[in-house]
1. Can you pull out the residues in the range 154-173 that are crowded, with 24+ Cβ neighbours inside 10 Å and not in a loop (DSSP other than H, G, I, E, B)?
2. Would you check if there is a residue in the range 81-104 being within 25 Å of residue 312 (Cα to Cα), loosely packed, with under 15 Cβ neighbours inside 10 Å and in contact with a helix residue (DSSP H, G or I) (Cβ under 9 Å, 6 or more places away or on another chain)?
3. Identify, by number, the condition in (1) farther than 17 Å from residue 182 by Cα; (2) in contact with a strand residue (DSSP E or B) (Cβ under 6 Å, 6 or more places away or on another chain) that residue 89 doesn't meet.
4. If I ask for residues that are part of a strand (DSSP E or B) and either modelled with pLDDT under 90 or crowded, with 21+ Cβ neighbours inside 10 Å (or both), which ones from the range 527-540 would you list?
5. Within the range 193-214, restricting attention to residues that are in a strand (DSSP E or B) and within 30 Å of residue 432 (Cα to Cα), which residue is nearest to the chain's Cα centre (by Cα)?
6. Taking into account only those residues within the range 128-140 that are farther than 14 Å from residue 187 by Cα and touching a residue at least 60 places away in the same chain (Cβ under 8 Å), which is nearest to the chain's Cα centre (by Cα)?
7. Looking at 602, 627 in this structure, which one is farther than 29 Å from residue 487 by Cα, in contact with a strand residue (DSSP E or B) (Cβ under 8 Å, 6 or more places away or on another chain) and surrounded by fewer than 20 Cβ atoms within 10 Å (Cβ to Cβ)?
8. Give the range 292-315 a look and list any residue that's under 15 Å from residue 29 (Cβ atoms) and either surrounded by fewer than 13 Cβ atoms within 10 Å (Cβ to Cβ) or touching a residue at least 24 places away in the same chain (Cβ under 8 Å) (or both), or say none.
C-alpha cells in the first residue's frame, strides 16, 4: 500500500456490516472510510447510524482513500466484488463463504498473489472465545486423539418486512451456505482435510419461507468422522459442538458459553461415570456466570469471534504475516458447501417444475394453506371451479384440481405471478403471529401487493378478508350494537400488531375501492372449526385442571363457524359485490364465554378473575416493561378492548349477501368437538 495505515471501506450494508464496522472502529491504527451498497438509502442510513460516510460505489470508496475492502455482499457476488477490489489495489477480507465456486475462490487467491495483496475470509467461529478454548484443549492433548465431531445448530432469520426476497428465502441452498460453512471449516480444523460429504435436507415448516429448514451432513475426514445438524425447527435454538477423543469428550455450548468435559480416569467404570456426571454438571455452573459477567461488562460482545478475527487480520497485515484464514483453505470448504447447496437447489427446482400455471383461472386464493384459505379452496374445487392457490411451501399432499403458485405475500414479484390470469382474487392471507415486522410484511405490504397486482391485471373482483378486530372495541362499549358503521380502532398500536396490521390493510383496500378497485371487504368475527380452535384466550385459558376466565363469563363472543364464513365468501363472489362494501360476518346466535364452556362440556372447575382485578394487573404490568421501553402484552387498554361488553349484528350480511349461517355455532361446536 502507498499508505501503510489501513483505510477500510465496507461494501454491503446488511446486518453483518454493523459488526465489521464495530470491529474496525475498535482498532487504534485503522481508519474507517465509509460504506457503500447497491441500495443507496440503506448505505446512507447505515453511515448515519455508524457515524461514517456513504459512497455511491466501491470506486468512490477507493478514490476516497480506502485500501482495504470488507466484502459483505450476498455470497453470489463475493467473488466479483473481491476481484474488483484486488484489481483496484486493495486488500480484501471476504465474508463467508468466500465464493460460490472453487474456481472463483482460487481466482481470488491467484489475483492476490499476483498483486502482492492480502486476501482472507471471515471464518469467525475459529476465533470464538469458546471455540479457541476448545481448540487449546485439543492441542494440549487433554482429549487424546480427536476421532469425531458433532455440531448441533439452530437458527432463525430476521422477519421479512416485504419487498424483493432476501437471498436466504430466494435461494434454496442459502441456509447451508450460510451456516454449513461454519460447521465444515470447524470440523476440518479438528479432523483434517475433508474427503467426503453426504447430506440430506427437508422442509418441516419451522420457517415456511425456506425451501428447506432442516439439514444434516455426514463427513469423512482425514483423521475421523464428523456430522452436523442445521435446524430452523428445534426450539429452543442451540449451538453445541461435541468433540470426541480417545481420552475424553468435550461439549461446548456457544450460546450459553460453557464447556462440559468427561474424561477417562483410573477409577472403576461405575465410579468414573459418576465423577464425569458431576464434572460435566459443575463446569457449566462455573462457566455460565463468568460468561454472563464478561458479556455484561463488555469483555465479550456479540460476534466476538468476528471482532477478534478482524483484529488479527489487521495485526497480521501490519506485520506482513500470512492472513488468519487462507483463501486456498476456504476454497476447499466452498467445494463441499456448493456440492450440497447445488444438489438441494436442483431438487427444489425439479419439484417446482412439476407445478405449472394456466393462462386463466377462475379464482386465486391467497393464504391458501391456512384454515380458512384451505376451506375456501376445497369449496371452490367441489363447485368445479378452476383454482390457483398462493402458498409459501410445496404442500405435502397437493389437492387435485388446484394449481399452486409459490411465494411470500410480501414479495411483489410472487404476488404478481400469482394474480396473472385470475378472474377473482380471494385475499385470505395475513400474518397470524409474530411482532410488527412479520405483520407488516405479510399483512400490510402483502395486501398492497395484491391491490397493485389486481389493478395491473384488471381482476374482476377482489374479496378482502379483514377482521372484526379493526373495530374500536373499548370505545364502543355501551353505544349500541357493533355494526359496519361502528368506528374503527383509534389506538391500533396499543391493541397489538395483528389489529394494527389488519386495520392498515383494510384501509388500503377501502382507499383502493374509492379509486376504482372492484372489491368487497368481509369482516368475520371469531372463526372456529376446520383446525381453528374454539377455546382460546377470548373464551377461557386452561390452568391445570381448571379453566381460567377473565371477567364474569358473560362476555358475548362474535362467533362464526368456518364453513359459514366460506358460504359468505361464495355469496360475495356470486353477487359480484365490487363497490368496496364492508360486511360483518357474525352468527346471529349470541353465545357468551360460559355458554361456550357449557356447550363443549368443559370439565374441571372454573376460576373467574374479576374485571377490576384484571384491569389492575394490566396497569401494573405496564410499569416494569415501560421502564424497559417495551409494551406490555396485557396492557390496560388491550384488556379493556378484549373485555369490552359488546353486542354484534350483521344485518348487511343478509341484505347484501343473502347470508344466514347454514351450520350455526351450536352445530359447529358439535362438529369441532368430534
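The values are calculated or read from the model by the stated rules, or taken from the named source; none is laboratory data. No experiment lies behind these values; they were computed from the predicted model shown. All Cβ positions, even for glycine, are placed from backbone atoms using ideal geometry, and neighbour counts span all protein chains on display.
1. Selection gives nothing.
2. Yes, some residue in the range 81-104 is within 25 Å of residue 312 (Cα to Cα), loosely packed, with under 15 Cβ neighbours inside 10 Å and in contact with a helix residue (DSSP H, G or I) (Cβ under 9 Å, 6 or more places away or on another chain).
3. (2)
4. 527, 528, 529
5. 214
6. If we take residues in the range 128-140 being farther than 14 Å from residue 187 by Cα and touching a residue at least 60 places away in the same chain (Cβ under 8 Å), then 128 is nearest to the chain's Cα centre (by Cα).
7. Of the residues listed, the single one that is farther than 29 Å from residue 487 by Cα, in contact with a strand residue (DSSP E or B) (Cβ under 8 Å, 6 or more places away or on another chain) and surrounded by fewer than 20 Cβ atoms within 10 Å (Cβ to Cβ) is 602.
8. The answer is 310, 311, 312, 313, 314.
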